[in-house]
Amino acid sequence: MSEKYVPVELRRLVVARANNCCEYCRAQAPYSSDPFTIDHIIPFILGGLTIAGNLAFCCYGCNQCKGIRIFAADPVTGLSTRLFHPRQQIWEEHFAWNEDFTMMIGLTATGSDTIEVLQLNRSVLVNLRRILYAVGEHQPTGLV
């Protein structure tokens, strides 16, 4: 499928596969102040296809921060690092939570650079995580 439009059935598959959570910041759609969208992991403008293997469910904030980027310059090494790819990589191998489950921590260059570029610890997300954890709705895995 070469068009940018995501058909309804494909959209449903992407949302269900993500368990109604942003595949980058792990925000839950029902509790988010941001609308959610379907992200072309490899952007359409860069040749990314509108197929299940190139689509991720994501919040508006992550989608806007990511834009058309698939790489970032690592601040430590200066080398180009590929951003997290939810279809090809395992979230827990690149990210973890701090002790109070409010901040994401990068475990790899990919994780750290994705946190920086997508601003995965935006204040609105940190505050939402704190509240949801307190009422038992934010149940993270990957504690450091």
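Do any helices (runs of 4 or more DSSP H) lying entirely in segment 88-144 carry at least 2 residues that are hydroxyl-bearing (Ser, Thr, Tyr) and in contact with a helix residue (DSSP H, G or I) (Cβ under 8 Å, 6 or more places away or on another chain), and which ones are they?
Ranges flagged: 109-118.
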| task | Considering only segment 55-76, state which residues are in a strand (DSSP E or B), surrounded by 15 or more Cβ atoms within 10 Å (Cβ to Cβ) and of a type outside the set (Phe, Trp, Tyr). | result | 55, 56, 58, 59, 72
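Here is a yes/no grid of residues against (1) among the acidic types (Asp, Glu); (2) over 30 Å from residue 136 (Cβ atoms); (3) in contact (Cβ under 8 Å) with a residue 24 or more places away in the chain; (4) buried (at least 20 other Cβ atoms within 10 Å of the Cβ):
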position	(1), (2), (3), (4)
19	no, no, no, no
22	no, no, yes, yes
29	no, no, yes, no
52	no, yes, yes, no
78	no, yes, no, no
90	no, no, no, no
| query | Of all residues in segment 1-17, which are of a type in the set (D, E, K, R), in contact (Cβ under 8 Å) with a residue 40 or more places away in the chain and more than 19 Å from residue 91 (Cβ to Cβ)? | reply | 3, 4
| message | So for segment 33-40 (the condition being free of Cβ contacts under 8 Å to residues at least 60 places away in the same chain, among the hydroxyl-bearing types (Ser, Thr, Tyr), assigned to a helix (DSSP H, G or I) and under 30 Å from residue 131 (Cβ atoms)), does at least one residue qualify? | response | no
| said: If I ask for residues that are touching a helix residue (DSSP H, G or I) at 6+ places or on another chain (Cβ under 8 Å) and part of a helix (DSSP H, G or I), which ones from segment 41-54 would you list? | reply: 52
| Which ones in segment 16-32 are touching a Leu at 6+ places or on another chain (Cβ under 9 Å) and part of a strand (DSSP E or B)? | 28
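Taken together, the values in this text are just the output of simple stated rules run on the coordinates, not laboratory data. Bear in mind that the values here come from a model prediction, so they are computed numbers and not experimental data. In this analysis, Cβ positions are derived from the backbone assuming ideal geometry, glycine residues included, and neighbour counts consider all displayed protein chains.
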